[in-house]
Amino acid sequence: MRTVFQDPVAPYPGWQRRIYRFSRPVAKDDIQVFLGSEDLYVRDTAAGPVQIIHKYGLLEIHALIGEQNIEVWFSPDKGAYPSEYLDALLLTRFN
């Protein structure tokens, strides 16, 4: 599977990475919904601008508008809560 998230670097030591694939590409509206009241950071890459969303110290979501994959980083020390939160968040747009 081709991924735009080459050469991953964890945002914090010990965080784990997962790639999620959707049935449709990520849209700008999806980014806005995921963002909520959090700050948006953008990192320019060869594949295009990566939208980076920090969610309450639980998750870091990396997405490129127009791509079907997102990269998610989370702390395994926080138990199942980050995974449950991400599932709920993704269901708001990709059910």
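Figures for the structure shown
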read-out: Scope region 10-26; condition polar (S, T, N, Q) and either touching a helix residue (DSSP H, G or I) at 6+ places or on another chain (Cβ under 8 Å) or part of a strand (DSSP E or B) (or both); matching residues; value: Gln16
read-out: Residues within region 37-79 that are touching a Phe, Trp or Tyr at 6+ places or on another chain (Cβ under 9 Å), closer than 12 Å to Val4 by Cβ and aliphatic (A, V, I, L, M), tallied; value: 5
read-out: Tally, over region 43-59, of residues that are surrounded by fewer than 12 Cβ atoms within 10 Å (Cβ to Cβ) and farther than 22 Å from Phe94 by Cα; value: 4
read-out: Members of region 50-68 that are in a strand (DSSP E or B) and over 9 Å from the mean Cα position of the chain (by Cα); value: Val50, Lys55
read-out: Unique match (being part of a loop (DSSP other than H, G, I, E, B) and among the acidic types (Asp, Glu)) among Asp29, Asp77, Asp7, Asp44; value: Asp7
read-out: Residue ID - surrounded by the fewest Cβ atoms within 10 Å (Cβ to Cβ), chosen from residues in region 80-95 that are part of a loop (DSSP other than H, G, I, E, B) and without any contact (Cβ under 8 Å) to a residue 40 or more places away in the chain; value: Asn95
read-out: Region 24-42, subset of a type outside the set (D, E, K, R), more than 20 Å from Val9 (Cα to Cα) and without any contact (Cβ under 8 Å) to a residue 24 or more places away in the chain, residue surrounded by the most Cβ atoms within 10 Å (Cβ to Cβ); value: Leu35
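Read-outs throughout are calculated quantities, based only on the coordinates presented, and are distinct from any laboratory measurement. Quick caveat, the model's predicted, so the values are computed rather than measured. Neighbour counts run over all protein chains shown; Cβ positions are idealised from the backbone, glycine included.
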